[in-house]
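Remarks on the structure that follows.
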Amino acid sequence: MTALLEQRYGRRWTYPLVVALVCVVGLLRVDPGAIAAGKPVTHTVVIEALKYAPDTLTVKRGDMVVWINKDPFPHTVTANGVFDSHDIAASRSWKYTARTPGEFAYICKLHPTMKGALTVE
Ligand SMILES: [Cu+2]
């Protein structure tokens, strides 16, 4: 290819042309999905009528999850040893940045029949 470029553009332009081509090819090879994957996303879980909605959620590492308590009394979001919101008062919310990968079942310590699960990929 270099010989062809030299023939067509002369020796002076061959090196800059090759550099420019390599740069363009390099830029085209960047996967737009890889850029998107780096952006943290915020997910919302609504707590209402003694339920987490959605009760199962899958997020990417680095994403944020916000639990919003719409009940007129407190709840918690507790995965023992992993995360614990402590009491989230009525109309308040709690944010968690998902940095640890895994599948985490959580409950409300005040109403242990309330169950949810967070998967961090
Ligand atoms: Cu509760």
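General remarks:
- Contour excess over end-to-end distance, with Cα ends at F73 and T44 and 0.36 nm allotted per residue: 8.5 nm
- Loop-resident sites, segment 42-121, for trypsin sites (Lys or Arg not before Pro), counting at most 11 other Cβ within 10 Å (DSSP): R99
- If the convex hull is drawn through the Cα atoms of segment 40-120, its volume per residue in Å³: 71 Å³
- Karplus (6.51, -1.76, 1.60) ³J(HN,Hα), θ = phi - 60°, over segment 78-91, in Hz, Gly and Pro reported as x: 10, 10, 3, x, 10, 8, 8, 6, 6, 5, 9, 5, 3, 6
- Around the amide H of V45, modelled in the peptide plane, lie the amide H atoms of V66, W67, I68, all under 5 Å away and 5 or more residues distant in sequence or on another chain.
- Extension gain for the segment M64 to K115, taken as residue separation times 0.36 nm less the Cα-Cα distance, is 16.4 nm to one decimal.
We did not get these values from a lab; they are worked out from the coordinates using the rules stated. Worth saying up front: this structure is predicted, and the values here are computed from it rather than measured. Positions of Cβ are generated from backbone atoms using ideal geometry, with glycine treated the same way; all protein chains shown enter the neighbour counts.
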